[in-house]
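As structure tokens, the structure follows; a few thoughts come after it.
Since every read-out is calculated from the coordinates, none of them should be taken as a lab result. Only a predicted model underlies this, so the values are computations on that prediction, with no experimental measurement involved. Positions of Cβ are backbone-derived with ideal geometry, glycine not excepted, and every protein chain shown enters the neighbour counts.
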Amino acid sequence: MFFPDQPTLDLVVRAFLLTVMGMVWVVILVRINGLRSFSKMTNFDFVMTIATGSLLAGAAQSTTWSAFAQTMIAMAALFIVQFTSARLRKKSDTLEDVMQNHPILLMRDGKIIHSALKESRVAESDLIAKLREANALKMDDVRAVILETTGDISVLHGEGPVDERVISGVRGVDV
């Protein structure tokens, strides 16, 4: 590609330059698409992040310009699909429901909801670990634990009730 007579030098230069070019391309795409590009707001965003990383790795390993160009076009296509799907989800609640998981209530007012743990395949030991991580000192102080659409677990604890707006849209809130 760069130094056909010196394969080792070609390998090093190609890996370095194609990686830099790929990273610059990703930065340009993020600047165009916005900060949402790599957020963890939805499962779709998570897949976008993984796919972009995979394509960037592929770009750095390209052995031909056409393979490199195809990878760059695929990255642009990912950003276009994410941008379009975000716009469509914003306009349509039905499409939002089809494309997006809903957060699940795992614990409410100090009580573990075992049926939700089973449905979401979260082990009670993982839930307890998240409580410790959130510095929840007593089960009775835990107002709600929610498995978010991203796979993260939110722990709401402290004194007083949870404002219902904070847990609106969470499956199992009526439990």
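Remarks
- Sites Ala57 and Asn101 - FRET efficiency at Förster radius 35 Å, r taken between beta-carbons, to 0.05: 0.80
- Sparse-neighbour loop sites [GluC sites (Glu not before Pro); segment 74-175; at most 12 other C-beta within 10 Å; DSSP]: Glu159, Glu164
- Under the convention that each Lys and Arg Cβ holds +1 and each Asp and Glu Cβ holds -1, the size of the dipole of segment 1-145 around its Cα centre is about 360 debye.
- Relative to the longest principal axis of the Cα atoms of the chain, the long axis of helix 124-133 makes an angle of roughly 80 degrees.
- C-alpha long axis of helix 7-33 to longest principal axis of the chain, angle in °: 50
- Shown for segment 18-175: lysine pairs separated by 8 or more places, or found on different chains, whose C-alpha atoms are under 25 Å apart, numbering 9.
- Of the trypsin sites (Lys or Arg not before Pro) found in segment 94-175, those that fall in a DSSP loop while having at most 12 other beta-carbon atoms within 10 Å are Arg121, Lys138, Arg165.
- Among Val122, Ala144, Ile112 - extreme Cα towards positive end, dipole of segment 102-157, charges at beta-carbon: Ile112
- One decimal place: the segment Lys91-Phe38 gains 17.0 nm when fully extended, by the rule 0.36 nm per residue minus the C-alpha distance.
- Helix-only mean residue ellipticity at 222 nm for the chain, each DSSP H run of n ≥ 4 adding -39500 (n - 2.57), per residue, nearest 500: -18000 deg cm²/dmol
- FRET efficiency, 1/(1 + (r/R0)^6) with R0 25 Å, evaluated for Val30 and Ser115 via beta carbons: 0.05
- Separation of alpha-carbon centers, segment 109-138 and segment 38-105, rounded to whole Å: 31
- Length added when fully stretched, Asp126-Glu159, from 0.36 nm per residue minus Cα-Cα: 9.5 nm
- Structure-derived mean projected area of the Cα convex hull in nm² - corresponding label in (1) 15.8; (2) 13.5; (3) 10.7: (2)
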